[in-house]
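The values are calculated or read from the model by the stated rules, or taken from the named source; none is laboratory data. As the structure is a computational prediction, the values presented were derived from the model and not from experiment. Here the Cβ is made from the backbone with ideal geometry for all residues, glycine too, and neighbour counts use every protein chain on show. Keep in mind that these areas ignore ligands, DNA and RNA; they rest on the heavy atoms of the full protein, side chains included. Shrake-Rupley method; radii C 1.70, N 1.55, O 1.52, S 1.80 Å.
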Amino acid sequence: MTAPAGPRKGRPRNAEADAAILAATREALAELGWGGLTMGDVAVRAGVAKTTLYRRWPSKNELVVAAVAEKLDELEMADLGSLRADIEAVVGRFAELLSAPETQAALLALFAEATRDPLLRLRVREAIIEPQKRLVLAGRAAAQARGELPADTCAEAAAAAVDIIFDTVAGTVVHRMLVSGEPATAEWISAFTTLLLHPLTEIAAG
């Protein structure tokens, strides 16, 4: 359906203000934790009115989800010529993002709170987890175009594969860096990629 013509109601969103607010949210989470974070404090840090904040994000839950989603949206799956290179690049960039104290604090706080709040957990899935599966879709498509992976013959099986690959990569990197507290070195990323590629290439070879 085409939207009706005419001027849009309300004030236009300011991209710079949005970015400042979301950055201030991650900063406040790193310093204060979930319980200490308030909309008023974020507004002061970002240099905006509290009403501006509430117009954009009506609750703390929505604000924190948006702050985390914005950071993870920086991830891109570049086509570097091989599935190994693509995986190593995106895992390395993900690890780099997770090494920032603000990102760590925001993710840990959000995941902890989501275990107690089913609606927040659903919002995390809708706004963060599902959109980031675009990386797996892009990586698989590039590998299939290069002949490294077979073409999909069943949409249901392909969707299940995307879910498993995403959960494996995201879960492993998050566990290593945020739970175990170990760095994702180049050597570790290479070893992890080898382990991940083995079943994928076995399927292709078969």
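Numbers below:
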quantity	calculated
Pairs, first under 18 Å from ALA95 (Cα atoms) and assigned to a loop (DSSP other than H, G, I, E, B) in region 58-82, second among the β-branched types (Val, Ile, Thr) and open to solvent by less than 40 Å² (accessible area, probe 1.4 Å), C-beta under 6 Å, six or more apart	MET77/VAL90
Number of the exception - THR194 against (1) among the polar types (S, T, N, Q); (2) closer than 22 Å to LEU72 by Cα; (3) open to solvent by 60 Å² or more (accessible area, probe 1.4 Å)	(2)
Among the residues listed as GLU102, GLU126, the single one being acidic (Asp, Glu), closer than 28 Å to GLU31 by Cα, open to solvent by 60 Å² or more (accessible area, probe 1.4 Å) and in contact (Cβ under 8 Å) with a residue 40 or more places away in the chain	GLU102
Helices (runs of 4 or more DSSP H) wholly inside region 112-206 containing at least 2 residues that are hydroxyl-bearing (Ser, Thr, Tyr)	155-174, 186-205
Subset of region 44-75 that is β-branched (Val, Ile, Thr) and open to solvent by less than 50 Å² (accessible area, probe 1.4 Å) - its residue that is nearest to LEU137 (Cα to Cα)	VAL68
Residue among ARG56, ARG125, ARG121, ARG45 that is more than 15 Å from the chain's Cα centre (by Cα) and either at pLDDT below 95 or closer than 19 Å to GLY171 by Cα (or both)	ARG56
Pairs with Cβ under 7 Å, 6+ apart, first in region 155-172 and under 13 Å from ILE129 (Cα atoms) and without any contact (Cβ under 8 Å) to a residue 60 or more places away in the chain, second open to solvent by 50 Å² or more (accessible area, probe 1.4 Å) and in a helix (DSSP H, G or I)	VAL162/LEU137
One residue from LEU178, LEU149, LEU107, LEU135 being farther than 21 Å from VAL68 by Cβ, of a type outside the set (Phe, Trp, Tyr) and open to solvent by less than 30 Å² (accessible area, probe 1.4 Å)	LEU149
Enumeration of residues in region 76-99 that are touching a Pro at 6+ places or on another chain (Cβ under 9 Å) and open to solvent by less than 60 Å² (accessible area, probe 1.4 Å)	ALA95
Residues of region 173-203 satisfying the condition of being free of Cβ contacts under 8 Å to residues at least 12 places away in the same chain and in contact with a helix residue (DSSP H, G or I) (Cβ under 7 Å, 6 or more places away or on another chain)	GLU182
Selection count where residues are touching a residue at least 60 places away in the same chain (Cβ under 8 Å) and farther than 30 Å from GLY147 by Cβ, scope region 83-99	2
